[in-house]
Amino acid sequence: MTCKIDYVAPADLLQDRVILVTGAGDGIGRTAALTFARHGATVILLGRTIAKLEAVYDEIEAEGLPQPAIFPLNFEGATLKDFHDMAETLDKEFGRLDGILHNAGLLGRITPFEQYNPELWEQVMQVNINGPIWMTQALLPLLQASPDASVIFTSSSVGRRGRAYWGAYSVSKFATEGFVEVLADEVEHLGTLRVNTLNPGGTRTAMRKAAYPAEDPMALRTPEDIMPTYLWLMGPDSRGHNGEKFDAQPPKG
Ligand SMILES: NC(=O)c1ccc[n+]([C@@H]2O[C@H](COP(=O)([O-])OP(=O)(O)OC[C@H]3O[C@@H](n4cnc5c(N)ncnc54)[C@H](OP(=O)(O)O)[C@@H]3O)[C@@H](O)[C@H]2O)c1
């Protein structure tokens with residue numbers, strides 16, 4: 001596993017690239033959308049809370065960055081038709097897609113498996129893996145229309161080694177790791193599309209607070225701190241890396 005925390009991205013790294021960020025209204029996704037835009041990308045802000053997406057949109061506009069687009073979508077209720085309609089809209093608007101950051105995620109509950117609510121389990125699997133994979137299927141033609149496209153799926157340490165009580169969240173991240181191995185192998189021959197996983201590591205966000213309420217948030221890295229690996233993996237410097245697992249923070253030790 002590789003970490004690129006020391007990577008220094010050129011200002012124009014993502015110039016003229018069209019990049020979709022899911023869960024772009026808050027936490028890591030919000031910071032990634034702003035960071036990609038600050039490096040020249042036209043970002044498509046996808047999420048379930050329109051007011052949050054609008055706030056990110058306004059921030060990007062206020063900085064005079066490439067005009068973003070908003071795509072409201074809740075993975076919980078989203079259907080295949082929604083994903084295909086989305087692909088059609090993006091095709092008309094942009095004609096291609098140079099990157100996707102699959103970042104939206106749901107923690108569910110940290111609880112013994114014997115007490116896990118099956119409906120909540122389904123909900124977590126829908127948001128963390130089922131929705132994102134069917135969205136990716138619908139967007140594949142647009143990714144293939146790009147000369148250099150990068151798809152990043154967000155993983156977690158509990159998606160690489162199981163941990164008691166992490167239930168559906170952990171299982172969904174293992175599924176993410178597995179799916180990326182399958183898809184990366186399928187697209188390898190194209191040479192223009194790479195698919196990798198990225199584990200942000202403990203980061204100061206609302207999700208982390210919900211998972212570790214007693215932890216001091218000031219002891220954690222911020223979403224801004226972990227952006228070097230996000231930029232490296234989204235931009236052309238990661239060409240040739242496909243089906244790999246990355247970490248946005250060095251291992252503690
Ligand atoms: N923070 C960490 O320490 C950490 C560690 C390992 C992995 N991760 C992973 O990193 C990613 C980002 O996490 P975060 O810490 O930034 O979490 P966060 O602050 O809770 O943000 C999650 C984002 O996902 C969106 N989202 C949730 N459910 C959705 C749905 N049904 N449809 C569409 N969007 C939805 C949220 O939208 P709303 O704002 O509208 O709720 C929010 O924008 C997740 O995949 C998470 O599993 C985080």
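Taken over the chain, the ratio of Cα radius of gyration to 2.2 N^0.38 Å equals 0.95. Among Gln15, Gln115, Gln123, the largest mean-square fluctuation in a Gaussian network model of the chain (Cα springs under 10 Å) belongs to Gln115.
In whole percent, what relative contact order does the chain give with Cα contacts below 8 Å and a gap of six or more residues? Across the chain, relative contact order equals 23 percent. Each Lys and Arg contributes +1 and each Asp and Glu -1, all at the Cβ; summed about the Cα centre of the chain, the dipole is approximately 700 debye. Only Cα pairs within less than 10 Å get springs; with that Gaussian network setup on the chain, which residue of Ala41, Ala175, Ala104 has the largest fluctuation? Fluctuation is largest for Ala175. A helix-only calculation puts the chain at -12000 deg cm²/dmol for mean residue ellipticity at 222 nm, using -39500 (n - 2.57) for each DSSP H run of at least four residues, averaged over all residues.
Structure note, pairs Lys52/Lys245; Lys209/Lys252; Lys4/Lys252: Cα-Cα distances above 26 angstrom occur for Lys52/Lys245.
Annotation: amide H-H contacts under 5 Å for Ile70 (H modelled 1.01 Å from N, sequence separation of 5 or more, or interchain): Leu45. Each 5 Å bin from 0 upward holds the following percent of the Cα-Cα pairs of segment 7-56: 6, 24, 30, 20, 13, 5, 1.
Each label was represented as a point 7 Å from its Cα along the Cα-to-Cβ direction; for Arg161 and Thr89 these points are 4.2 nm apart. Report in % the part of the accessible area of segment 2-247 that belongs to carbon and sulfur, leaving out ligands and nucleic acids; probe 1.4 Å. Ligands and nucleic acids excluded, carbon and sulfur reach 51 percent.
Here Lys81 is the anchor, and the lysines within straight C-alpha reach of less than 20 Å, apart from those fewer than 8 places off in the same chain, are Lys92. Counting only protein chain heavy atoms and rolling a 1.4 Å probe, the accessible areas of Phe174, Phe246 rank, largest first, as Phe174, Phe246. Within the chain, the whole DSSP H helices whose Cα atoms reach 24 Å or more along their own axis and whose mean Kyte-Doolittle score is at least -0.5 are 167-187. Based on a Kirkwood Rh over C-alpha pairs, give the Stokes-Einstein translational diffusion coefficient of segment 116-253 at 20 °C and viscosity 1.002 mPa s in µm²/s. Stokes-Einstein gives a translational diffusion coefficient of 133 µm²/s. Among Gly95, Gly29, Gly159, the residue with the largest mean-square fluctuation in a Gaussian network model of the chain, with springs joining Cα atoms closer than 10 Å, is Gly95. Available extension along the chain between Thr79 and Glu181 is 34.3 nm, counting 0.36 nm per residue and deducting the alpha carbon span. Under a 5 Å amide H cut-off, with hydrogens placed 1.01 Å from N, Asn199 pairs with Ser155, Phe246, Asp247, Ala248 among residues at least 5 apart or on other chains. Solvent-accessible area per residue in segment 109-176 equals 46 Å², computed with a 1.4 angstrom probe and all protein chains kept.
The values are calculated or read from the model by the stated rules, or taken from the named source; none is laboratory data. As the structure is a prediction and not an experimental result, all values here were calculated from the model. Every residue, glycine among them, receives a Cβ derived from its backbone with ideal geometry; neighbour counts consider all protein chains shown. Only protein heavy atoms, including side chains, enter the accessible area calculation; ligands, DNA and RNA are left aside. Shrake-Rupley method; radii C 1.70, N 1.55, O 1.52, S 1.80 Å.
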